[in-house]
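A short reminder: the numbers here are calculations on the coordinates, not readings from a lab. Everything quoted here is computed from the prediction, not taken from an experiment. No Cβ is skipped: glycine too gets one built from the backbone with ideal geometry, and neighbour counts run over all protein chains shown.
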Amino acid sequence: MAPASLLDLVSALPSNDGWGPPVSTETMLDGVPYAPYSKADKLGRMADWTDGKDRDRGGRQNYGGRNYRDQQVYGANQSTNPFAIQAAEEEATFSVVDNTRTSTRTRGFGRGGGTVFRGRGQRGGQTQRGGRGTFQRVGGRGGQQYDNRGGRGGRGGRRFGWRDDKPQRNRDASVQVKPDWTVLEEIDFARLAKLNLETGDGEDLDNYGFLHWYDRSYDKQPGAKTSERRLNVLERAAYNVTTSSDPIIQELAEKDEATIFTTDSILSMLMCSTKSVYSWDIVISRRGNKVFIDKRDASNLDMVTVNENATDAPLEISEGNKDSMNSPGALMLEATHINNVFPLQVVNESQKLSLANEHPFYNPDVESDPPASKAYKYRRFDLSLERDEEPLHLIVRTELDAVAKNSINGEDQYLTIKALNEFDNKAQGSGGALDWRSKLASQRGAVLATEMKNNSCKLARWAVQAILAKADSMKLGFVSRANPKNNNDHVILGVLTNKPRDFATQMALNLNNGWGIVRTIVDMCLKMEEGKYVLVKDPNKPVLRLYSVPENTFEEEAEEPAIPEDVEEE
């Protein structure tokens with residue numbers, strides 16, 4: 001008999017409204033109850049006609065030579081599966097965590113393991129051990145999973161603790177956002193990182209103040225016993241005046257020398273904003289066609305952070321840190337104090353270089369202490385674009401700390417002086433720092449690389465400030481506690497010298513990106529009405545928010561005159 005054609009087969013089908021076999025409501029297929037399958041079942045599961053007897057020979061349980069974790073799920077609903085054994089009602093909600101066959105032969109924590117354990121991990125073999133560290137790779141090479149319990153784990157395994165083993169910290173904002181503040185812009189760091197603006201080296205407008213000569217005896221071999229010196233506290237008059245209160249900037253604004261005015265401390269924070277973790281804020285005021293970028297009184301921009309970018313940053317007291325002197329706030333106060341007194345000690349006050357103009361802030365009739373060695377250079381940068389109808393210039397007040405003679409040509413070299421501080425390399429929040437006393441002399445590069453990782457925002461700001469001031473060199477001191485349990489006494493272990501632009505290149509710092517961020521923020525303010533704005537870094541997210549605030553914001557916080565106690569209200 002000749003085989004039937006496709007047309008004959010189609011015509012033989014019962015006529016219905018749809019294509020395909022007729023719809024049947026029967027639940028019996030040749031006397032066998034029909035078991036519905038879940039949509040999530042693999043095709044191999046549906047096509048597997050082996051019964052339970054063949055499972056050990058490569059049936060469902062070992063289909064394709066792999067162990068299925070979800071082999072207990074056969075249908076859309078376990079409780080309605082006619083093949084399921086109804087032993088007890090509570091078994092319907094019972095879930096097996098690991099139903100792979102157990103063997104009497106012991107296997108380590110290598111291939112196919114996945115058990116989370118403390119201490120050393122393994123990379124797939126029983127004899128190979130992973131190193132101890134801050135995180136432990138539990139899943140292995142493929143998934144890059146980590147656990148916060150120690151060394152490196154084996155291949156395969158499960159994603160235990162991939163996102164949940166490090167709880168999200170809830171830090172406080174640097175400023176309280178009031179109900180009458182209006183959010184105008186919200187910019188995430190991913191967008192800021194794509195900005196780019198090429199700017200020149202800038203030009204000097206005027207110089208003020210004086211500088212002492214740097215004491216080269218501090219440049220001895222860092223880490224050597226002979227180079228250790230006690231950090232002394234010297235009483236000197238130092239100033240950190242904000243933009244709008246600077247009389248020189250006010251004069252330059254009246255002369256229409258630029259559109260944007262700020263200081264190097266504020267500008268460096270804005271340019272390095274994508275590296276910041278802690279919350280900060282700056283105040284932006286638009287007056288006519290001028291923009292003044294300020295800081296608040298008692299702003300945290302004046303504070304020096306410690307291990308802000310470390311993977312395991314210092315914990316707050318509320319987060320379980322029992323050592324109050326190693327909390328973020330206490331470490332910031334300690335680091336700020338060190339950076340205030342360290343530049344005063346490493347200069348020779350018997351030699352002095354006076355600049356073109358007198359100190360702009362020091363008043364001998366009011367101050368009892370002599371002024372600190374400081375030079376203020378007011379410099380102008382061009383932020384204009386080709387599409388701009390008028391040029392857009394920025395004036396920034398930069399600072400220098402000392403001067404030194406070039407050993408080759410005898411010319412004066414201007415220096416900026418900063419200090420890194422070591423609190424306790426064994427304490428929580430140390431970020432895996434090496435012991436400076438034993439490693440600074442032999443592994444100077446490793447010590448500096450660790451500091452670049454743990455303090456990338458702080459070091460990037462210092463490098464930017466040196467470049468803005470057009471400093472010839474950047475002195476970086478290493479100051480450690482005399483006793484890790486005492487944060488009042490410190491020892492200078494040594495000083496390293498770096499070229500600011502070489503240091504920025506070593507840190508992969510992109511200055512053009514920083515100038516692009518500044519230009520973007522300024523453009524936002526120039527498009528808005530005259531008034532006061534506040535730019536706030538979110539304390540827990542990589543986001544900047546620009547708020548429009550009332551004109552009297554931060555002004556009403558000034559202390560009101562107290563009413564004498566002997567005056568009674570009638």
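Key figures for this structure:
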read-out: Subset of segment 428-449 that is over 25 Å from residue 319 (Cα atoms), part of a loop (DSSP other than H, G, I, E, B) and polar (S, T, N, Q) - its residue that is farthest from the chain's Cα centre (by Cα); value: 442
read-out: Some residue of segment 217-226 being hydrophobic (A, V, I, L, M, F, W, C), farther than 30 Å from residue 512 by Cβ and within 35 Å of the chain's Cα centre (by Cα); value: yes
read-out: Criterion violated by residue 358 - all others in (1) more than 31 Å from the chain's Cα centre (by Cα); (2) closer than 30 Å to residue 391 by Cα satisfied; value: (2)
read-out: Which listed residue, of 421, 425, is more than 30 Å from residue 203 (Cα to Cα), in contact with a His (Cβ under 8 Å, 6 or more places away or on another chain) and either in a strand (DSSP E or B) or not hydrophobic (A, V, I, L, M, F, W, C) (or both); value: 421
read-out: Qualifying residues in segment 207-245 (those that are out of contact with any strand residue (DSSP E or B) (no Cβ under 7 Å at 6 or more places or on another chain) and without any contact (Cβ under 8 Å) to a residue 60 or more places away in the chain) - the one nearest to residue 347 (Cα to Cα); value: 217
read-out: Checklist (1) acidic (Asp, Glu); (2) on the phi > 0 side of the Ramachandran plot; (3) buried (at least 19 other Cβ atoms within 10 Å of the Cβ) applied to residue 256, failing item; value: (3)
read-out: Hits in segment 254-291 - residues which are part of a helix (DSSP H, G or I), in contact (Cβ under 8 Å) with a residue 60 or more places away in the chain and not hydroxyl-bearing (Ser, Thr, Tyr); value: 264, 267, 269, 270, 271, 275
read-out: Failed item, numbered, when residue 310 is tested on (1) part of a loop (DSSP other than H, G, I, E, B); (2) more than 27 Å from the chain's Cα centre (by Cα); value: (2)
read-out: Subset of segment 283-337 that is touching a Phe, Trp or Tyr at 6+ places or on another chain (Cβ under 6 Å) and of a type in the set (D, E, K, R) - its residue that is surrounded by the most Cβ atoms within 10 Å (Cβ to Cβ); value: 308
read-out: All positions within segment 236-259 that are among the hydrophobic types (A, V, I, L, M, F, W, C) and either closer than 23 Å to residue 329 by Cα or in contact with a Lys or Arg (Cβ under 8 Å, 6 or more places away or on another chain) (or both); value: 238, 241, 248, 249, 253, 258
read-out: Any hit, segment 383-400, residues being more than 19 Å from residue 521 (Cβ to Cβ) and buried (at least 23 other Cβ atoms within 10 Å of the Cβ); value: yes
read-out: Test set (1) surrounded by 15 or more Cβ atoms within 10 Å (Cβ to Cβ); (2) closer than 20 Å to residue 264 by Cβ - residue 227 fails condition number; value: (2)
read-out: Test: residue in segment 184-205 that is crowded, with 19+ Cβ neighbours inside 10 Å, over 23 Å from the mean Cα position of the chain (by Cα) and hydroxyl-bearing (Ser, Thr, Tyr); value: no
read-out: Criterion (under 21 Å from residue 334 (Cβ atoms) and touching a residue at least 12 places away in the same chain (Cβ under 8 Å)) met by exactly one of 424, 412; value: 424
